[in-house]
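What follows is a short report on a single structure.
The values are calculated or read from the model by the stated rules, or taken from the named source; none is laboratory data. Please read these numbers as outputs of a predicted model, since none were measured by experiment. Reconstructed Cβ throughout: ideal geometry from the backbone, glycine too, with neighbour counts over all protein chains shown.
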Amino acid sequence: MNTSQHTENGKVVLVTGASSGIGEAIARRLGAAGAKLVLGARRVERLEAVGRAIVADGGEAVTLATDVTRRRDMEALVSAAIQRFGRLDVLVNNAGLMPLSPLLQLKIDEWDRMIDVNLRGVLHGLAAALPVFDRQGSGHVVNITSVADRGVFPTAAVYCATKFAVRALSEGLRLESGPGLRVTLIAPGATESELPSTISDPELRQAAIAGFRKDLIPADAIARAVAFAIDQPREVDVNEIVVRPTAQAY
């Protein structure tokens, strides 16, 4: 897949959850293609290591400790993009959690955390970036969801609800936006990441790994999809991409 058409021309791309997994893969691929990166995550040491690796390979990257549940953190990340590069071209809302559990276990703190990160974090990203895109007359929002945004699975009701919500939010944004804003939703299937580590029940964690996460695609498969969407001409808006392992049935 050709990823060089536009990103190598220096698009400024902000990526949340960039310290590992899909976010790190997106950052590394776009950095290698010439994008100017603004990277946010909570784990500062790992985030800075990613940034240093990108710079060592000849790319440009700014890193900033970011908790997407805090609106001010997202505002600071967008401000860092403007201060360093003078603009922001792409917002990649990637940060997410997946602490699966049956509803009857009433893990309400985990429900709240999923809502705060998976949904409210996306809204905070939009609140920070949309005014910039509006002033520029152009921009691109890429929301990373999951195949859980179009199907509900046992133990994943709240997780699926957050992903359904982001899918609805993405479509609403697309319908409201003028021709200057592109909106892309990318729904990964089972992908190599640290998401299972957020499942607090050890038995359920092992069951998820042995079952749903048995056949995994590399995180770079999602990064390639992001690069493809970003690389399209401005008049082309890739609205949705679903990327699953070939062996995954649902």
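So, of the residues in the range 130-146 that are among the hydrophobic types (A, V, I, L, M, F, W, C) and closer than 14 Å to S170 by Cα, which turns out to be surrounded by the most Cβ atoms within 10 Å (Cβ to Cβ)? Top of the filtered list is I144. Sub-6 Å Cβ pairs linking a first residue in the range 48-65 that is of a type outside the set (A, V, I, L, M, F, W, C) to a second residue that is part of a helix (DSSP H, G or I), at least 6 apart or interchain, are G59/G31; T63/L47; T63/E48; T63/G51, ordered by first then second residue. The criterion of at least 2 residues that are in contact with a helix residue (DSSP H, G or I) (Cβ under 8 Å, 6 or more places away or on another chain), more than 22 Å from L185 (Cβ to Cβ) and acidic (D, E) is met by none of the strands (runs of 3 or more DSSP E) falling completely within the range 17-105.
Taking the range 201-229 as the range and being of a type in the set (A, V, I, L, M) and at pLDDT below 80 as the test, the residues that pass are L204, A207, A208, I209, A210.
So that you can scan it fast, the table gives a plain yes or no per residue for (1) without any contact (Cβ under 8 Å) to a residue 12 or more places away in the chain; (2) buried (at least 18 other Cβ atoms within 10 Å of the Cβ):
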| site | (1), (2) |
| --- | --- |
| P99 | no, yes |
| L106 | yes, no |
| A148 | no, yes |
| G151 | no, no |
| A157 | no, no |
| S170 | no, yes |
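Each residue in the range 108-139 was checked for being over 27 Å from K11 (Cβ atoms) and not in a helix (DSSP H, G or I), and 0 pass. Residues that are under 14 Å from the mean Cα position of the chain (by Cα) and over 20 Å from V147 (Cβ atoms) occur at least once in the range 110-120. If you filter the range 175-193 down to residues that are of a type in the set (D, E, K, R) and closer than 15 Å to I144 by Cα, you find that the one that is modelled with the highest pLDDT is R182. In the range 238-250, the residues that are farther than 14 Å from E192 by Cα reach residues that are of a type in the set (G, A, S) and surrounded by fewer than 16 Cβ atoms within 10 Å (Cβ to Cβ) with C-beta atoms within less than 7 angstrom, at least six apart or across chains, in these pairs: Y250/G151.
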